[in-house]
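The values are calculated or read from the model by the stated rules, or taken from the named source; none is laboratory data. Since this is a predicted model, take the numbers as computed values, not measurements. Cβ placement follows ideal geometry from the backbone for every residue including glycine, while neighbour counts extend to all protein chains displayed. Please note that ligands, DNA and RNA were not included when accessible areas were found on the heavy atoms of the full protein model with its side chains. Shrake-Rupley method; radii C 1.70, N 1.55, O 1.52, S 1.80 Å.
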Amino acid sequence: EHRPSELMAKLTNARELIERVTEQRGRASRFDALSKELRADRIIAFLQVEALQILAAAGSEHLSTLSGGRYRLAFDQDEFFVIDAWNGEERRSARTLSGGETFLASLGLALALSEQVRSLSLNRRADLDSLFLDEGFGTLDPETLEVVVDAIEQLGSDGRMVGVITHVRELALRLPARIEVDGAPRGSQIQVIA
């Protein structure tokens, strides 16, 4: 036979155990959710989105300069967007840019990426001392080509080697040193011009 005080003590103990079990189940649920979020694929996806947002912000500054203040970039839901200041801050897919505008956006992102590599480097081995730009120049109007050439010259002035691969003669003639390749049936010939 149990005394009322013993029953009350056992009932209180049972309530405390139920509260502790409930609390531990809650903790287990949170740890389970955390372990799922920290899985390699989820954390990598999170870091990629963060990196692309940082790249878009830095590339946006370059694109704004290259486009005379017209365009900026944004990254959202796995896609790059362009913000057109000349069209009421319209936000649209970067895929809607013309060939020349796409080239400027790509150049802005390339410049931002080269800066990000430099900022992440802990030693000289991680520096990005050269940058090669391959084509796209033929899509540029003369005014935009001038802006791009100025940007390339500015890149070269900070100690980086900038290589440009182009068929646009006006651009090639503006570069301080170049290797010209002349194709012929019996093989190509190269000429170094410094």
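Compare the Cα positions of ALA177, ALA40, PHE132 along the charge dipole of the chain (+1 at Cβ of Lys, Arg; -1 at Cβ of Asp, Glu; about the Cα centre) and return the one farthest towards the positive end. Farthest towards the positive end: ALA40.
Think of each Lys and Arg Cβ as +1 and each Asp and Glu Cβ as -1; about the Cα centre, that makes the dipole of the chain roughly 940 debye. For LEU133, nonlocal amide neighbours, meaning residues 5 or more places apart or on other chains whose placed amide H falls under 5 Å from its own, are GLY163, VAL164, ILE165.
Taking all protein chains together and a 1.4 Å probe, the residues HIS167, HIS62 rank HIS167, HIS62 from largest to smallest accessible area. By a 1.4 Å probe calculation restricted to protein chains, PHE80 has an accessible surface near 50 Å², given to the nearest 10.
In the chain, the longest principal axis of the Cα atoms and the axis of helix 99-120 are about 60 degrees apart. Summarise the accessible area of the chain (1.4 Å probe, protein heavy atoms) by the percent that is carbon and sulfur. Whole-percent figure for carbon plus sulfur exposure: 56. Think of the range 1-63 as having a plus end and a minus end, set by charges on the Cβ of Lys, Arg, Asp and Glu; of LEU63, THR12, GLY26, THR12 sits farthest toward the positive end of this dipole. A simple charge model with +1 on the Cβ of Lys and Arg, -1 on the Cβ of Asp and Glu and nothing else charged puts the dipole of the range 1-109 at about 340 debye relative to its Cα centre.
Close amide H partners of PHE81, meaning residues 5 or more places away or on another chain with modelled amide H under 5 Å apart, are ALA74, PHE75, ASP76, ALA94. Counting only protein heavy atoms and a 1.4 Å probe, the range 15-89 has 72 square angstrom of accessible area per residue. Just checking the listed ones, VAL149, VAL49, VAL117: in the Gaussian network model of the chain with Cα springs under 10 Å, the one fluctuating most is VAL117. Of the residues ARG186, ARG39, ARG95, ARG20, ranked by 1.4 Å probe accessible area with the largest first, the sequence reads ARG186, ARG95, ARG20, ARG39. Expressed as a whole percent, the proportion of Cα-Cα pairs in the range 135-189 lying more than 12 Å apart is 70%. Remark: the range 145-194 carries 71 Å² of accessible area per residue (probe radius 1.4 Å; ligands, DNA and RNA excluded). For VAL192, the solvent-accessible surface computed with a 1.4 Å probe is close to 110 Å², ligands and nucleic acids excluded.
Taking every protein chain into account, the 1.4 Å probe leaves GLU146 with about 80 Å² of accessible area, to the nearest ten. Across all Cα atoms of the range 10-154, the radius of gyration (one decimal) and Dmax (whole number) stand at 24.2, 89 Å.
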